[in-house]
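Below is one structure, written out as structure tokens, with a few remarks after it.
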Amino acid sequence: MDYVKKNQDILDEWRAKFIKEKQCDESYNGWDLDKLFADDGIMNKGKIAKNAVGEWRRYQSKTGKENNEWSNAPLRVLFLSKDENLYDYTIPAWDVRTETFYLHNTETPIYISNSPFYRNEACLLYGLLHTSLENGKIEYNDITWDDALRFADEQIFARINCKKEGGGETCHNNVLQNAIKEDSALLEKQIKNLDADIFVCCGYSKAIEGSGNLILNFLNTIGYNFRADKKESWIYYDEENNKIAINSYHLSYPGFDYEGMINAYFEFLKAHPDFTNSHR
């Protein structure tokens, strides 16, 4: 199955829908609508090079590396985030798939260590895919920044923004909820196409009913049946589909709880020892 091509087909359909709808909205007069829509999906693992404005970006490989590695990944990890921060439309949207954890120059990679979003994404990915019953749980203090970045830069994983139109520093619950509702069919198609095993739902809020997470709640409306593995657990388990959802805070949230999530994941593995052995 060509996950990458099908994902792009869905994005092309979504972008066309977005532009057509916003062209009729007077509040968007004067905007280049194409620059407000952010593509995403399986992260690129090809060449790293500067784009037209001098940013280092990672491009899709010419060998189908992304699709091959995603197809064969023992555990597919998908981060479900809110939207891109365009600083209230002062910068154009970018393709999430081109993000790299390094800012490359001609000699030495410079780490993006000042970004809590990328730091937490890299560390959680490292912790989830290194924690096992055989090796134990990976404590936060056991992860070096160098190891996490290098691992995340090479490891296949995916990220989807549930709201494709970029916005500002904060994406309020009502804005995210409206975006999910308006584009639910396309979002469902994109999520189901990737067929992830671990969903990191980045949007917990005490103000939201049910799980407290709009993104996790949405998954349960499109054919998944995630239920808390334990009372007040970070881990929600869909036993029939053998998938888990992590009820996470936003990756930039100051109270992002790596230890809590990894502890819960390790306890989940002890209760369900076959989980990591039953995928591909």
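Just so you know, all these numbers are worked out from the coordinates, no wet-lab data involved. Everything quoted here is computed from the prediction, not taken from an experiment. As a convention, Cβ positions derive from the backbone with ideal geometry for all residues, glycine included, and neighbour counts pool all protein chains shown.
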**OP:** Report the residue, chosen from Y204, Y140, Y236, that carries the largest GNM mean-square fluctuation when the chain is represented by alpha-carbon nodes joined by springs under 10 Å.
**Re:** Y140
Subject >> Extended-chain gain in nm, criterion 0.36 nm per residue less alpha-carbon gap, L33 and Y140 >> reply: 34.4 nm
**OP:** Please identify, among A73, A158, A16, the residue showing maximal mean-square fluctuation in a Gaussian network model of the chain using a 10 angstrom Cα cutoff.
**Re:** A16
Original post:
Extension gain I19-E154, at 0.36 nm per residue separation less the Cα-Cα distance, in nm?
Top reply: 45.2 nm
Original post:
Between E267 and S115, 0.36 nm times their residue separation minus their Cα-Cα distance comes to what?
Top reply: 51.8 nm
**OP:** Would you please give the FRET efficiency between D2 and N241, computed as 1/(1 + (r/R0)^6) with r the Cβ-Cβ distance and R0 = 25 Å, to the nearest 0.05?
**Re:** 0.70
Subject >> In sequence order, calculated HN-Hα J values of the stretch 13-25 (Karplus, 6.51, -1.76, 1.60; Hz; x Gly/Pro) >> reply: 5, 5, 4, 4, 5, 4, 5, 4, 6, 6, 4, 8, 9
Original post:
Mean separation of Cα pairs under 8 Å and 6+ residues apart, divided by the residue count of the stretch 3-277: what relative contact order is that in percent?
Top reply: 22
Subject >> Label point distance in nm, T170-I91, each placed 7 Å from Cα along Cα→Cβ >> reply: 2.1
